[in-house]
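Shown next, in structure tokens, is the structure this report addresses.
The values are calculated or read from the model by the stated rules, or taken from the named source; none is laboratory data. Here the structure is a predicted model, which means the values were calculated and not measured. Here the Cβ positions follow ideal geometry from the backbone for every residue, glycine too, while neighbour counts run over all protein chains shown.
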Amino acid sequence: MSTYTATVIWTRAGDAAFTDNKYSRAHEWRFDGAVTVPASSSPKVVPPPLSKTDAVDPEEAFVASLSSCHMLFFLFYAAKAGFKIDRYEDEAIGEMGKNARGAMAMLKVRLRPKIDWVGNAPSGEQLDKMHHSAHESCYIANSVTTEIVVEPRGV
């Protein structure tokens, strides 16, 4: 079994009261001891200035992790099938709403990859098969109950 770690650090700013619930939600995510990512609550949940609009929020990170995982497996399957890719760009979209229990949840994530092929591009059937294999292999997708839809943008 493998383990993965992230360090999340938040510090109260100066003399902020905190108990008035008017504290900054800005914090940091640290990975592998070297990479630091500015993070915050979503400005759609906690309005600025208490949220930082130029930081990654957990909802965005969730969508990005699904997209990244799918892409990495897709690249593997494309290479294995003999197809060459110059660029893979996914404008993934996460849709929040109330789930069946009435709790706020990420209900659907749309992966919308656009792929620039070198030489022969796969047929529609081959493309669907590679996306299906990538989805079935993705550890993150296998870990969540959110509906994940792959909608390729162009071939």
Being under 18 Å from the mean Cα position of the chain (by Cα), assigned by TED's automatic domain parsing to the domain that holds residue 113 and either surrounded by 12 or more Cβ atoms within 10 Å (Cβ to Cβ) or closer than 30 Å to residue 121 by Cβ (or both) narrows it down to one residue among 90, 86; which is it?
90
Applying the selection to segment 122-155, what residues are assigned by TED's automatic domain parsing to the domain that holds residue 97, part of a loop (DSSP other than H, G, I, E, B) and of a type in the set (A, V, I, L, M)?
140, 144
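Is it the case that some residue within segment 77-96 is at positive phi, without any contact (Cβ under 8 Å) to a residue 24 or more places away in the chain and either of a type outside the set (Val, Ile, Thr) or touching a strand residue (DSSP E or B) at 6+ places or on another chain (Cβ under 6 Å) (or both)?
Yes - at least one qualifying residue is present in segment 77-96.
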Looking at 40, 24, can you tell me which residue is surrounded by 15 or more Cβ atoms within 10 Å (Cβ to Cβ) and more than 30 Å from residue 147 (Cα to Cα)?
24
Could you run through segment 108-128 and say how many residues are exposed (fewer than 15 other Cβ atoms within 10 Å of the Cβ) and of a type in the set (A, V, I, L, M)?
1
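Yes/no matrix, rows are residues, columns are (1) of a type outside the set (Phe, Trp, Tyr); (2) under 17 Å from the mean Cα position of the chain (by Cα); (3) not assigned by TED's automatic domain parsing to the domain that holds residue 90:
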| residue | (1), (2), (3) |
| --- | --- |
| 16 | yes, no, yes |
| 20 | yes, no, yes |
| 23 | no, no, yes |
| 26 | yes, no, yes |
| 29 | no, yes, yes |
| 42 | yes, yes, yes |
| 46 | yes, no, yes |
| 49 | yes, no, yes |
| 62 | no, yes, no |
Right, residue 63: of a type in the set (A, V, I, L, M, F, W, C) and assigned to a strand (DSSP E or B) or not?
no
